[in-house]
Amino acid sequence: MLNVDLHSHSHVSDGVLSPADLAARAKANGVDIWALTDHDEIGGIAEARKAAAELDLRFIPGVEISITWAGKTVHIVGLNIDDSNTTLCEGLASVRGGRVRRGREMADQLEARGIAGVFEGALKLADNPEMLGRTHFARYLVQTGVCATVAEVFQNYLVEGKPGFVAHRWATLEQAVSWIRAAGGRAVIAHPGRYPLDAMQLGALIDHFRELGGEGIEVTTGSHTPDQYDQFARIARSSGMLASRGSDFHGPKESRVDLGSLPPLPAGLTPVWHDWLS
Ligand code: AMP
Ligand code: MN
Ligand code: MN
Ligand code: MN
C-alpha cells in the first residue's frame, strides 16, 4: 500500500523545516507521494519540487487556504495545483495581506496584559513576514517562558475568548474553491473535525463546498482522533467525496504526528489521489 501524505508545512508558512528538509524527511519516513501545503502561500513549491525530484519522491504541489465560513475560520486544501496560475497567486496574495495588521492587534492585546515585545519577537520567527501567524506568536511565548508548550499557548491565548485573539476575515469558500479549480487543482476540506461547527453546520459546509465544485475531505489527519477517522470515513462514503490523508506536520518537536506516520485510510473510500498514479 502506498504511503501518501498530502498535508504539511514548511518555514514558508508556519512550519519549522525548509521545503527541501521536509522532502528529505518524507523520503526517510517512507512516504511515496508527498504534498507541501503551506498556508496561503505557494512560494515553497519550487524548492520542494526540485528536492523531491532529486530524491525520486512523487511530489504534489498544494496549498492550504484560510477562509471564513459562517463566521468561523475553516481551511481548504488545494492539491495538484498549477503553482504558476495567476488567479491562484493573486488570490493567495490577497489572503496574506491582512496578517501583519492582525499581528499588531494581537500583540497590542498581549501587551495590555503585561506581555511585551511579542510582535517583534514573533516576526523574527517568521521566515516569511507576510505569513506571520499565530504559530509564530505561540513559539515566541514558549521561548520567553510565558507557556511551556505551543499547545499550552493555544489553550490560554490566541483563541476566541482568550487574550491575543483577533477576529479576522479570510477568503470566502467560493473564492478558495474557485482559485484552486482555476489552477487545475482538487479542493479538499482540511481537518473537518476541528471546527467549532455542529453536525447541521458541518453538513451545510459540505453541501456548499460540493455545490461549488469541492471534491474531497480529509479523513485521516494529524488533527483528528482515531474516532474521527471513522466518523469522517462514514461521511466521505455516504456523500461520495474523495478521501485524503495528511499528517499536517509543522515541525519535529511540535507535531504529534510525523510525516508519513498516520494509519492508512479506512476501507471503502476513494482516495483523492486515485487518478494521479499513472
Ligand atoms: P493563523 O492562520 O495565523 O490563524 O494560525 C493558524 C495555525 O495555528 C494553524 O495552522 C496551526 O498551525 C496553529 N494552531 C491553531 N490551533 C492550534 C492548537 N490548538 N494547537 C497547536 N497549533 C494550533
Ligand atoms: Mn499551521
Ligand atoms: Mn489547518
Ligand atoms: Mn495545515
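The values are calculated or read from the model by the stated rules, or taken from the named source; none is laboratory data. A quick note: this is a predicted structure, and the numbers were derived from the prediction, not measured. Neighbour counts are summed over all protein chains in view; Cβ atoms, including those assigned to glycine, are modelled from backbone coordinates with ideal geometry. Side chains included, ligands, DNA and RNA excluded: accessible areas come from the protein's heavy atoms. Shrake-Rupley method; radii C 1.70, N 1.55, O 1.52, S 1.80 Å.
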TODO: Assign unit charges at the C-beta atoms only (+1 for Lys and Arg, -1 for Asp and Glu), then state the dipole size of region 99-156 relative to its Cα centre in Debye, rounded to the nearest 20.
DONE: 100
Task: Summed residue charge, Cβ within 11 Å of TYR140's Cβ, Lys/Arg positive, Asp/Glu negative - done: +2
Task: Fraction of accessible area attributable to carbon and sulfur, the chain (%, probe 1.4 Å) - done: 49
Task: Part-to-part distance (alpha-carbon centres) for region 6-35 and region 167-189, which is given in Å - done: 22
TODO: Using only Cα atoms, locate the centre of region 257-272 and the centre of region 67-113, then give the distance between them in Å, rounded to an integer.
DONE: 27
Task: Helix-only [θ]222 nm of the chain, DSSP H runs n ≥ 4, -39500 (n - 2.57) each, per residue, nearest 500 - done: -11500 deg cm²/dmol
TODO: Mind jotting down a quarter of the surface of the convex hull over the alpha carbons of region 120-186, in square nanometres, one decimal?
DONE: 6.1
Task: DSSP bridge orientation in region 1-159 - percent antiparallel, rounded to nearest 5 - done: 55
Open item on the list: Quick check: from the Cα gyration tensor, does region 177-216 come out rounded (a/c under 1.5), prolate or oblate?
Closed with: prolate
Task: Rounded FRET efficiency, nearest 0.05, which uses the C-beta distance separating SER278 from GLN155 and R0 of 35 Å - done: 0.15
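Rounded, prolate or oblate: pick one for region 1-160, where a ≥ b ≥ c are the square roots of the eigenvalues of its C-alpha gyration tensor, a/c under 1.5 means rounded, and failing that, prolate if a/b is larger than b/c, else oblate.
It comes out prolate by the Cα gyration axes.
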Task: Label point distance in nm, LYS124-ASP21, each placed 7 Å from Cα along Cα→Cβ - done: 1.8
TODO: Obtain the radius of gyration and the Kirkwood radius of the chain from its C-alpha atoms and give Rg over Rh.
DONE: 0.95
TODO: Return the Cα extents of region 146-278 along principal axes one, two and three, sorted largest first, each rounded to a whole Å.
DONE: 49, 33, 30
Open item on the list: Modelling each spin label as a point 7 Å along the Cα-to-Cβ direction, I'd like the ASP56/THR270 distance in nm, to one decimal.
Closed with: 3.2
Task: Under the Karplus curve 6.51 cos²θ - 1.76 cosθ + 1.60, θ = phi - 60°, whole-Hz ³J(HN,Hα) for region 28-43, x wherever Gly or Pro sits - done: 4, 8, x, 6, 9, 10, 10, 10, 8, 10, 5, 5, 6, 7, 10, x
- [ ] Among DSSP beta bridges lying fully in the chain, give the percent that are antiparallel, nearest 5.
- [x] 40
TODO: Assuming R0 = 25 Å, can you tell me the calculated FRET efficiency for the pair ALA148 and ALA112, based on Cβ-Cβ distance, to the nearest 0.05?
DONE: 0.65
Open item on the list: Probe radius 1.4 Å, ligands and nucleic acids left out: which of SER8, SER278, SER84, SER255 has the largest accessible area, and how do the rest follow?
Closed with: SER278, SER84, SER255, SER8
Open item on the list: Quick check: pseudo-label points 7 Å beyond the Cα along Cα→Cβ at ARG194 and ALA28, how many nm apart are they?
Closed with: 2.4
- [ ] Pull out the extension gain between SER261 and ALA204, defined as 0.36 nm times the separation in residues minus the alpha carbon to alpha carbon distance; nm, one decimal.
- [x] 17.4 nm
- [ ] Using only the Cα atoms, work out Rg/Rh for region 81-223, with Rh taken as the Kirkwood radius, to two decimals.
- [x] 1.01
Task: Amide H contacts of GLU41 (H built 1.01 Å from N, under 5 Å, at least 5 apart or other chain) - done: GLU64
TODO: Calculate I(q)/I(0) for region 99-156 by the Debye formula, one identical point scatterer on each C-alpha and no solvent, and give its log10 at q = 0.14, 0.26 Å⁻¹ to two decimals.
DONE: -0.31, -1.09
Task: Most to least accessible of LYS162, LYS253 (protein chains only, probe 1.4 Å) - done: LYS253, LYS162
Task: Percentage relative contact order, the chain, counting C-alpha pairs under 8 Å, at least six apart - done: 20
